[in-house]
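The values are calculated or read from the model by the stated rules, or taken from the named source; none is laboratory data. Here the structure is a predicted model, which is why all the values come from computation and not from measurement. For neighbour counting, all protein chains shown are included, and Cβ atoms are generated from backbone atoms with ideal geometry for every residue, glycine included.
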Amino acid sequence: MTVEELAEIPAIDIRTIPHQERHTKIFSMLEALEPGHAFAVISDHEPRPLQYQIDANFPDVFGWAYVEEGPEVWRAVISREAASCCGCCSGS
């Protein structure tokens, strides 16, 4: 992914969000994400547990790609691959 492509993707910087609200906000964005679109998550730590949670709750619906991997900043792009899922997301 080029710098220009990354600049066009909406981003949520979870470093600025209280810890207890982070996953709620991210999952809200996931549910609103249209097929073929993406957003970036910016974190100050490895967000791998979030990736596992997304994969467990929405198998084969969202893609995940790291574009920056620490040690101070992690940036992952989450994309909506499937047109619909289990009925819990928009577009189903």
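Can you say whether F27 is in a helix (DSSP H, G or I), surrounded by 15 or more Cβ atoms within 10 Å (Cβ to Cβ) and on the phi < 0 side of the Ramachandran plot, as far as the supplied structure shows?
yes
When both residues are 6+ apart or on different chains and their Cβ atoms are under 8 Å apart, which pairs have a first residue that lies in segment 1-14 and is within 20 Å of E34 (Cα to Cα), and a second that is surrounded by 10 or more Cβ atoms within 10 Å (Cβ to Cβ) and among the aromatic types (F, W, Y)?
Pairs that qualify, where the first residue is within 20 Å of E34 (Cα to Cα) and the partner is surrounded by 10 or more Cβ atoms within 10 Å (Cβ to Cβ) and among the aromatic types (F, W, Y), are I9/F39; P10/F39; A11/F39; I12/F39.
Please work out which residue is surrounded by the fewest Cβ atoms within 10 Å (Cβ to Cβ), limiting yourself to segment 1-20 and to residues that are touching a helix residue (DSSP H, G or I) at 6+ places or on another chain (Cβ under 9 Å) and either part of a helix (DSSP H, G or I) or of a type in the set (A, V, I, L, M) (or both).
I17
Residue-wise test of (1) closer than 16 Å to Y66 by Cα; (2) polar (S, T, N, Q); (3) within 11 Å of the chain's Cα centre (by Cα).
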{"position": "T2", "(1), (2), (3)": "yes, yes, no"}
{"position": "A11", "(1), (2), (3)": "yes, no, yes"}
{"position": "I17", "(1), (2), (3)": "no, no, no"}
{"position": "E21", "(1), (2), (3)": "no, no, no"}
{"position": "M29", "(1), (2), (3)": "no, no, yes"}
{"position": "L33", "(1), (2), (3)": "no, no, yes"}
{"position": "A38", "(1), (2), (3)": "yes, no, yes"}
{"position": "V41", "(1), (2), (3)": "yes, no, yes"}
{"position": "H45", "(1), (2), (3)": "yes, no, no"}
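(1) in contact with a strand residue (DSSP E or B) (Cβ under 7 Å, 6 or more places away or on another chain); (2) surrounded by 17 or more Cβ atoms within 10 Å (Cβ to Cβ): which one isn't true of F58, the others all being true?
Every condition holds for F58 apart from (1).
Please state which of the following conditions R75 fails to meet, knowing it meets all the rest: (1) surrounded by 14 or more Cβ atoms within 10 Å (Cβ to Cβ); (2) modelled with pLDDT under 95; (3) outside any loop (DSSP other than H, G, I, E, B).
Result: R75 fails condition (2) only.
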